[in-house]
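The values are calculated or read from the model by the stated rules, or taken from the named source; none is laboratory data. Here the structure is a predicted model, which is why all the values come from computation and not from measurement. Backbone-built Cβ (ideal geometry, glycine too); neighbour counts: all protein chains shown. Remember, those area values only see protein heavy atoms, side chains included, never the ligands or the DNA or RNA. Shrake-Rupley method; radii C 1.70, N 1.55, O 1.52, S 1.80 Å.
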Amino acid sequence: IGDGRVLGIVPKQYLPTYREFYEGRHFRAGDGSEAPYLDWLGQREIPFGIDLLFRWRDAVIGIEICEDLWCPVPPSSLQALAGANVLLNLSASNETIGKAAWRRELVLSQSGRCIAAYAYASAGPTESTTDLVFGGHCLIAENGVLLGQSRHVGDGEQPDVLDTTTITADIDLQKLMHDRRLTSSFDDGRPLSVRKYRQVEVSLQPQTLAATKPQQAINGRPFVPQAPGTLDRRCAEILALQAAGLAKRLSRLSNQSPLVIGVSGGLDSTLALLVAVRTCDAGGWPRSRILGLTLPGFGTTAATHDNAQELMRLLGISSSRIDIRQLALDTFRAMGHRPLGIELSEQETVDSLQAKLIATADGASDLVFENVQARLRTFLLMSHGFVLGTGDMSEQALGWSTYNGDHMSMYNVNTSIPKTLVKFLVRHVALHDSPADVREVLLRIADTPISPELLPPDAEGKIRQSTEAVLGAYELHDFFLYHFVRYGFTREKILYLAQHAKFDGDYSPAEIEQALETFFRRFFANQYKRSCVPDGPKVGSVSLSPRGDWRMPSDGDSGAY
C-alpha cells in the first residue's frame, strides 16, 4: 500500500494442511495461473500474482507469506535470483515449544542464502487462543546477521502477556549489492528462476545520509564480538585455526628443524609464541623445538625485554639473546650513516651511542636507523632456521613494517589477525589457558603500549616511540579496514559510519578524518609490501593475501578512490 492506494497483492504459494493447519479447506494457493490484475474497493487493475516485485531505487522488495518460508524452495529464493534484495514475510506462525528458535534460524539462513535482508512479522497474542497462541515474533536479518528481534510469548521475560511488538533496523543495500557481485556462485542459480517478474514502482521520500542517524548501534570494533561468551568462543576458534595452519606447515619439515620466533615482549610476537606452543603440544613436538630469540636494540626497554625473557622461561621453550646494537653500529659506520644526526667517532661504542641517542631522540626520526635494526633482526632469525612471522593484518594494511625486515618470514600465523583482536586473543589465553605466573606476564604484555621499539626510550627507560601517536588509533584503522575491504565502502560512507560508531576511545571529528586520510594514503602506498607476504592462515572474512582475497596493483593511486 502506498499513497492511499493498493500497489499490488501477492498471494500465498504454499498452504499448510497438517496438524493444526487447515488452510487447504478454505483457500487455493497462488501458482501463476491467477488473473494478473484485480478490481477492488473502487480501484481498477491492481497488480496481482506471485510474480510481483516492488522497487524503490536500489531496493527491490519480494514478498512471501508464512509457510512459504518453511518449504524446501521458498519463493523468496527465486525472488532473490530475480533481483529482490529486501524480502518480507507476513505470517501467522503460532508458538509451540522450541519453534521461536527454529523460526529465527530460518530467517537468518534464508537472508544469508539469498544475500538479502529478510523482515518477518508474525501475528500476536491478541489473536484467538481457542486452540493456538500467537507470539508476535518479529525479526530482521541481513545476509545471515540478526539485526533485531522483538519480544515474543515464551521468551522468558516478564510480562508473558504481550500486546503489540515492533522492531526497526537499517538495511545497508550497498553491503548486499557488494556481496552479490563478489559471490559469483549467486548468479549461477539464475537459470532455476524461470518465472518472469513484474516490477511495481514504489514512491518514497528519501532522506540525505547526513540528516539521518543509524537505527542500531555501530560497533567501533567490528573484528571483536561484543558479547563476552561469543568473544571467548571466537578467540578459541581463531587460536585453533592458527595452530592448525602452523601444524600442517611444520609437518612438512624435519623434526629436527627448529621453529624460530623473535620474541620482543610485545603483543604480536607473544600471540605467535602462544600459537607455536599450542601447536607443539597438540602435534606431539617438544616445546624445546621452539627457539625464541630476544634481539634487544637501541629502542628496547627493560620492561619488554624482561617480559619476553620471563615468558619464554615459563613456557619452557629454548631461548637465546643477541644484542644487535654492535652489529647496527658497525652497519651505520659501513654505510657512512649518522644515526639520528649523530656523527660517529672512531672511538664510538654502543654504550656511548646509546647515551647520545637517548639525549637527542625526543621528536627525532630516522628511517634508516630503524630499518637497519629491523633487517638485522630478520637476518639473525633466518640464520637460525624456519622463522615464524609475527606481523598482524593491521600492520600489513598500513605498511607498518620494514621491507625484508619484520615484513618477512617463512610462515605467519598472525597474517589475518587485526591489531584490535590481538590483545583479546592474548588476554583469552591468559585468563582461560594459563597458570597464574604465565597469566601475570601475559596481562602485563597486553597492557604494554604498542611500539616497534626501534627509536631510543626516554631518560627513564620508558617507551617513547608510540605507533598510535604516529598513525592514529588502531581501532580507527581497523574500523576503516573492515568497511573498506569487506564491503568496498566509499570514504564518505566510512567517515559517516565512524562518526556514529561506538569506540573505546573518544575521538574528535578532526581526529577521525585525519586517521581516515592516513589509512587511505598508507594503504594504497604499501601494496608492494603485501604483494609478497609469507603464507599464513585466513581466519575471518577480511584478508589481504595477494594470492586470495586482495589482488591489487602495487602502484595503485589512492586519489582514484
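Could you list all residues from segment 508-547 that are buried (at least 20 other Cβ atoms within 10 Å of the Cβ) and within 22 Å of Gln215 (Cα to Cα)?
The one that is buried (at least 20 other Cβ atoms within 10 Å of the Cβ) and within 22 Å of Gln215 (Cα to Cα): Ile512.
Over 30 Å from Leu250 (Cα atoms), modelled with pLDDT of 95 or more and in a helix (DSSP H, G or I): does that describe Ala334?
It is true that Ala334 is over 30 Å from Leu250 (Cα atoms), modelled with pLDDT of 95 or more and in a helix (DSSP H, G or I).
Can you find a residue that is of a type in the set (A, V, I, L, M), open to solvent by less than 70 Å² (accessible area, probe 1.4 Å), modelled with pLDDT under 95 and part of a loop (DSSP other than H, G, I, E, B) anywhere in segment 179-197?
No, that holds for no residue.
Please note which strands (runs of 3 or more DSSP E) are completely contained in segment 14-95 and include at least 2 residues that are touching a Ser or Thr at 6+ places or on another chain (Cβ under 9 Å) and in contact (Cβ under 8 Å) with a residue 24 or more places away in the chain.
Values: elements: 37-40, 43-47, 52-56, 59-65, 86-91.
Once the strands (runs of 3 or more DSSP E) in segment 14-95 are filtered for at least 2 residues that are touching a Ser or Thr at 6+ places or on another chain (Cβ under 9 Å) and in contact (Cβ under 8 Å) with a residue 24 or more places away in the chain, what remains is 59-65, 86-91.
Suppose the filter is outside any helix (DSSP H, G or I), within 21 Å of Ser264 (Cα to Cα) and open to solvent by 10 Å² or more (accessible area, probe 1.4 Å); does Ser383 pass it? Please lay out each step first, then the result.
On the way: outside any helix (DSSP H, G or I): no; within 21 Å of Ser264 (Cα to Cα): yes; open to solvent by 10 Å² or more (accessible area, probe 1.4 Å): yes.
So Ser383 fails the test.
Which of the residues spanning segment 203-235 are touching a His at 6+ places or on another chain (Cβ under 7 Å) and part of a loop (DSSP other than H, G, I, E, B)? Outline the logic, then answer.
First, the residues of segment 203-235 that are touching a His at 6+ places or on another chain (Cβ under 7 Å): 213-214, 218, 232, 235.
Those that are touching a His at 6+ places or on another chain (Cβ under 7 Å) and part of a loop (DSSP other than H, G, I, E, B): Lys213, Pro214.
Could you tell me whether segment 340-362 includes any residue that is assigned to a strand (DSSP E or B), modelled with pLDDT of 95 or more and either crowded, with 16+ Cβ neighbours inside 10 Å or among the hydrophobic types (A, V, I, L, M, F, W, C) (or both)?
No, that holds for no residue.
What are the residues in segment 148-178 that are part of a loop (DSSP other than H, G, I, E, B), touching a residue at least 12 places away in the same chain (Cβ under 8 Å) and of a type in the set (Gly, Ala, Ser), if any?
Ser150, Gly154, Ala169
Tally the residues that are open to solvent by 20 Å² or more (accessible area, probe 1.4 Å), under 24 Å from the mean Cα position of the chain (by Cα) and not hydroxyl-bearing (Ser, Thr, Tyr), restricting the search to segment 386-404.
Within segment 386-404, residues that are open to solvent by 20 Å² or more (accessible area, probe 1.4 Å), under 24 Å from the mean Cα position of the chain (by Cα) and not hydroxyl-bearing (Ser, Thr, Tyr) number 3.
Can you tell which of Ser269, Ser288 is in a helix (DSSP H, G or I), modelled with pLDDT of 95 or more and exposed (fewer than 15 other Cβ atoms within 10 Å of the Cβ)?
Testing whether each residue is in a helix (DSSP H, G or I), modelled with pLDDT of 95 or more and exposed (fewer than 15 other Cβ atoms within 10 Å of the Cβ) leaves just Ser288.
Being farther than 26 Å from Trp56 by Cα, modelled with pLDDT under 90 and open to solvent by less than 60 Å² (accessible area, probe 1.4 Å): is that true of Asp163 here?
Here the answer is no, as Asp163 does not meet what is asked.
When segment 405-447 is examined, which residues are found to be surrounded by fewer than 23 Cβ atoms within 10 Å (Cβ to Cβ) and either in contact with a Gly (Cβ under 7 Å, 6 or more places away or on another chain) or among the polar types (S, T, N, Q) (or both)?
Once the filter is applied, which keeps residues that are surrounded by fewer than 23 Cβ atoms within 10 Å (Cβ to Cβ) and either in contact with a Gly (Cβ under 7 Å, 6 or more places away or on another chain) or among the polar types (S, T, N, Q) (or both), segment 405-447 yields Tyr411, Ser434.
As an exercise: evaluate Ala328 against (1) open to solvent by 20 Å² or more (accessible area, probe 1.4 Å); (2) part of a helix (DSSP H, G or I); (3) farther than 29 Å from Pro418 by Cβ and give the number of the one condition it does not meet.
Among (1) open to solvent by 20 Å² or more (accessible area, probe 1.4 Å); (2) part of a helix (DSSP H, G or I); (3) farther than 29 Å from Pro418 by Cβ, the lone unmet condition for Ala328 is (1).
Being within 21 Å of Ile463 (Cα to Cα), under 42 Å from the mean Cα position of the chain (by Cα) and not hydrophobic (A, V, I, L, M, F, W, C) narrows it down to one of Ser365, Ser320, so name that one.
On the way: Ser320 fails: within 21 Å of Ile463 (Cα to Cα).
Sole residue among the options that is within 21 Å of Ile463 (Cα to Cα), under 42 Å from the mean Cα position of the chain (by Cα) and not hydrophobic (A, V, I, L, M, F, W, C): Ser365.
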